[in-house]
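Each value in this text was obtained by applying a stated rule to the coordinates, not by laboratory testing. From a predicted model like this one, the values you see are computed outputs, not experimental measurements. No Cβ is skipped: glycine too gets one built from the backbone with ideal geometry, and neighbour counts run over all protein chains shown.
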Amino acid sequence: MKTKKHWYDYLWILSLTYLILGFFNILFAWLGLLCFFIPLIISLVNGSKAYCNKYCGRGQLFSIIGGNLGLSRKKSVPKWMKSKYFRYGFLIFFFAMFFVMLWNTYLVFAQAKDLSTAVTLLWTFKLPWQWAYHGTLFSPWVAQFAFGFYSVMLTSTVLGLVTMILFKPRSWCVYCPMGTMTQLICKAKNVTKSQK
Amino acid sequence: MIRKKAKVGTDECVACGCCVKVCPRNAISIFKGIYAEVDKNLCVGCGKCAKECPASVIILEEAV
Ligand code: SF4
Ligand code: SF4
Ligand code: SF4
């Protein structure tokens, strides 16, 4: 039996397009902020994980590549990976790295540093990416943020693909910082509600 | 006849909703964005959710 398809079951196309656009013009990376703010707003306002449960295109992409196309061993993730220590630890690490990225953007804004036209993969490897930079209509920090943000998105995609192949298709969802954070927000909202 | 039903390990559930998407009976919902909940009256014990769950926290249990 096949469950009915909804319009939002096709949002993976947007996620894929986003990743591809980053190879052509890095400034498109700014659009990725939507994947940050939409889940946060839904969880804060609605107290639900509707973003994960319905709309997240990245999760859909992993279930298509890993599930439908079969590029996954379909094994359970190791126990430590779903432990709260790892999930919360990864969330903290991810945000620490995010702030480093914002700081670098600030340095370029303050003209203390020159724009670096590289994408940093896995917070370590600097990939030259100047082909996707055609100058910026705005100031250089706008481009620096785009490179930084795209690095975050590409890194999480690579990690997600690796765990997709090793474990179940959507293993990334076990330790995805957005997923962990929205679940925490929902938990917190619920505690405050039940105390009233 | 022994009938099995899905049971969620709510403590380790990440509330991703993968199970909801595959359940042919619409027996699962995500309780307030915190964990998945199975409606035992609807569940037919097919095990699709358990297979899909990325955190592998669903088990099939004999319903009493
Ligand atoms: S856990 Fe992350 S990747 Fe998975 S559905 Fe939620 S936001 Fe998307
Ligand atoms: S698939 Fe697993 S982890 Fe995700 S909501 Fe269902 S029971 Fe929870
Ligand atoms: S065992 Fe089958 S019917 Fe029961 S909740 Fe899981 S997917 Fe739905």
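Brief remarks follow.
- Take each residue in A:60-71, count the other chain C-beta atoms within 10 Å of its C-beta, and the mean is 1.
- Neighbour net charge for B:C19 - beta-carbon separation under 11 angstrom, K R +1, D E -1: +2
- Cβ-based charge dipole, the protein assembly as shown, positive-most Cα from B:I2, A:F62, A:I26: B:I2
- Where only DSSP H runs of four or more residues are counted, chain A gives -16500 deg cm²/dmol as its mean residue ellipticity at 222 nm, each run worth -39500 (n - 2.57).
- Prolate/oblate/rounded call for region A:34-89, Cα gyration tensor, a/c under 1.5 rounded: oblate
- In nm, spacing of pseudo-spin labels at A:L184 and A:Y88 (7 Å Cα→C-beta vector): 0.8 nm
- Choice from A:F62, A:F147, A:F37 with maximal GNM fluctuation in chain A (Cα, 10 Å cutoff): A:F37
- Under a 5 Å amide H cut-off, with hydrogens placed 1.01 Å from N, B:I58 pairs with B:G9 among residues at least 5 apart or on other chains.
- Here the 3J(HN,Hα) profile of region A:35-50, calculated from phi with Karplus coefficients 6.51, -1.76 and 1.60 at θ = phi - 60°, is 6, 9, 7, 4, x, 5, 5, 4, 6, 5, 7, 9, x, 9, 9, 4 Hz, Gly and Pro shown as x.
- Cα-based shape type of region A:83-152, given that a ≥ b ≥ c are square roots of the gyration tensor eigenvalues and the cut on a/c is 1.5: prolate
- In chain A, the longest principal axis of the Cα atoms and the axis of helix A:177-195 are about 60 degrees apart.
- Under the convention that each Lys and Arg Cβ holds +1 and each Asp and Glu Cβ holds -1, the size of the dipole of chain B around its Cα centre is about 260 debye.
- Global geometry of region A:127-196, whether rounded, prolate or oblate, following the gyration tensor of its Cα atoms and the 1.5 cut on a/c: oblate
- Here the peptides A:18-24, A:151-157, A:53-59 are ranked by packing, the mean other Cβ count within 10 Å, and the order with the highest first is A:53-59, A:151-157, A:18-24.
- Pairs exceeding a 22 Å alpha-carbon distance, out of A:K82/A:K168; A:K49/A:K74; A:K189/B:K21: A:K49/A:K74; A:K189/B:K21.
- If you model the protein assembly as shown as an ellipsoid using its alpha carbon gyration tensor, with each semi-axis the square root of five times an eigenvalue, the axes come out at 37, 19, 16 Å, biggest first.
- Charge dipole (Cα centre; +1 on Lys/Arg Cβ, -1 on Asp/Glu Cβ; no other charges) of region A:8-106 amounts to roughly 600 debye.
- Approximate spin-label separation A:T17-A:F99, in nm, with each point projected 7 Å along Cα-to-Cβ: 3.5 nm
- Relative to the Cα centre, the charge distribution of the protein assembly as shown, modelled as +1 at Lys and Arg Cβ and -1 at Asp and Glu Cβ, gives a dipole magnitude of about 1020 debye.
- 3J(HN,Hα) couplings calculated from phi for region A:112-120 with the Karplus curve 6.51 cos²θ - 1.76 cosθ + 1.60 (θ = phi - 60°) are, in sequence order, 8, 8, 8, 4, 10, 8, 10, 9, 9 Hz; Gly and Pro show x.
- Ellipticity estimate at 222 nm from DSSP helix runs (n ≥ 4, -39,500 (n - 2.57)) divided over chain B, nearest 500: -3000 deg cm²/dmol
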